[in-house]
Amino acid sequence: LKILSIALSVLVAVCIRPVYADSTINEVVKRGTLRVGFSTFVPWAFVNKKGAWVGYEIDVATKLAKDLGVTLELIPTAWDGIIPALNAGKFDIIIGGMSLTTKRNLTVNFSAPYGGMEYVVLASIAHKNLKISDINSRKYTFTARRGALPATITKTRFPKAKILQFDDDGVASQEVINGKADFTVTTATDAATRIDAYPAHVALLENGKSLAYTPASMALRKGDMDTLNVINNWILLNKNNGWLQKKSDYWFKTKKWKAQLPQ
């Protein structure tokens, strides 16, 4: 009876042990630092004229760390290796404008959406009068950031075209600006930024007709439901109090931030 009593006590202790004891969020609080993985993606995250990281993602990550009562550590990471880096423990969370897809969801947990992206076709000025239905051809070359959703959209919508892939979203757009490629699939905001800077070199096809819209979510390692709960509730709170909308409007609906872009 005594042995049974001891066994039951151990079982109860195990069952009531807090789930968060081994969670990422608990480690973040104990460490005092939130490590965020991300990649350059205007206006989500980029280096401004003063050499500082700025953008929608940076504002979100900064506020999240502040609300958790910890310091923020930004860890720039190549996009095609960002999920493996998360799962290897190189950082705690991806806050990088990552589109929620079923394939990605097999390897990471996604938070509730905290933003979203409209994708359009940015064209070399020589092709500005073409229709989207005209450009699925072997004679055209697209560019895309390696491992990012625009690459998938390009392969799906324009399977006959050639595609050049780069580690940086800016380089993909620059190839079109420089006339070395014909088109790139990018966000509406990024396309507008490129057109503002290079109106004689690039243009939107069909007045920016949308190819796709995808929600953007934060990515976490699988199996950590306590951290996912904290992040989801943080997003819910900041949607309800208007903070996320305010920041989204600033970065995606105004041009005030464009003065920060490096020349």
Here the residues within segment 130-149 that are within 25 Å of the chain's Cα centre (by Cα) and open to solvent by 50 Å² or more (accessible area, probe 1.4 Å) are R146
Given the conditions (1) of a type outside the set (F, W, Y); (2) open to solvent by less than 60 Å² (accessible area, probe 1.4 Å); (3) under 30 Å from N105 (Cα atoms), every one holds for R157 apart from (2)
Pairs returned, first residue in segment 153-171 that is aliphatic (A, V, I, L, M), second residue that is in a helix (DSSP H, G or I), beta-carbon separation under 6 angstrom, 6 or more apart or interchain, are I163/T154
Here the residues within segment 22-40 that are out of contact with any Gly (no Cβ under 9 Å at 6 or more places or on another chain) and of a type in the set (A, V, I, L, M) are I25, V28, L34
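Residue-by-condition table, conditions (1) at pLDDT 95 or above; (2) within 27 Å of T102 (Cβ to Cβ):
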| residue | (1), (2) |
| --- | --- |
| K139 | yes, no |
| A148 | no, yes |
| K160 | yes, yes |
| D168 | no, yes |
| F183 | yes, yes |
| A188 | no, yes |
| V202 | yes, no |
Output for Cβ contacts, cut-off 8 Å, separation at least six or different chains, first residue more than 11 Å from A78 (Cβ to Cβ) and among the basic types (K, R) in segment 33-46, second in a loop (DSSP other than H, G, I, E, B) and open to solvent by 10 Å² or more (accessible area, probe 1.4 Å), reads R35/K90
*With the condition kept exactly as written, say whether any residue in segment 51-62 is at pLDDT 90 or above, surrounded by fewer than 11 Cβ atoms within 10 Å (Cβ to Cβ), in a loop (DSSP other than H, G, I, E, B) and not aromatic (F, W, Y).*
yes
All-but-one check, A112 against (1) in a loop (DSSP other than H, G, I, E, B); (2) crowded, with 21+ Cβ neighbours inside 10 Å, failing number (2)
Only one of (1) without any contact (Cβ under 8 Å) to a residue 60 or more places away in the chain; (2) within 19 Å of the chain's Cα centre (by Cα) does not apply to E175, and that is (2)
Condition set over 26 Å from V36 (Cβ atoms) and in a loop (DSSP other than H, G, I, E, B), scope segment 187-242, selection most open to solvent (accessible area, probe 1.4 Å): answer is K209
Requested in this report: Take D80 and decide whether it is among the acidic types (D, E) and open to solvent by 30 Å² or more (accessible area, probe 1.4 Å).
Outcome: yes
Those residues of segment 170-181 that are out of contact with any helix residue (DSSP H, G or I) (no Cβ under 6 Å at 6 or more places or on another chain), at pLDDT below 95 and surrounded by 22 or more Cβ atoms within 10 Å (Cβ to Cβ) come to a total of 1
Filter result for L100 (in contact with a Phe, Trp or Tyr (Cβ under 8 Å, 6 or more places away or on another chain) and either open to solvent by 60 Å² or more (accessible area, probe 1.4 Å) or among the β-branched types (V, I, T) (or both)): yes
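The values are calculated or read from the model by the stated rules, or taken from the named source; none is laboratory data. Keep in mind it's a predicted model, so treat the numbers as computed, not measured. Cβ atoms come from the backbone with ideal geometry, glycine included; neighbour counts cover every protein chain shown. In case anyone asks, the SASA skips ligands and DNA or RNA and just uses the protein heavy atoms, side chains included. Shrake-Rupley method; radii C 1.70, N 1.55, O 1.52, S 1.80 Å.
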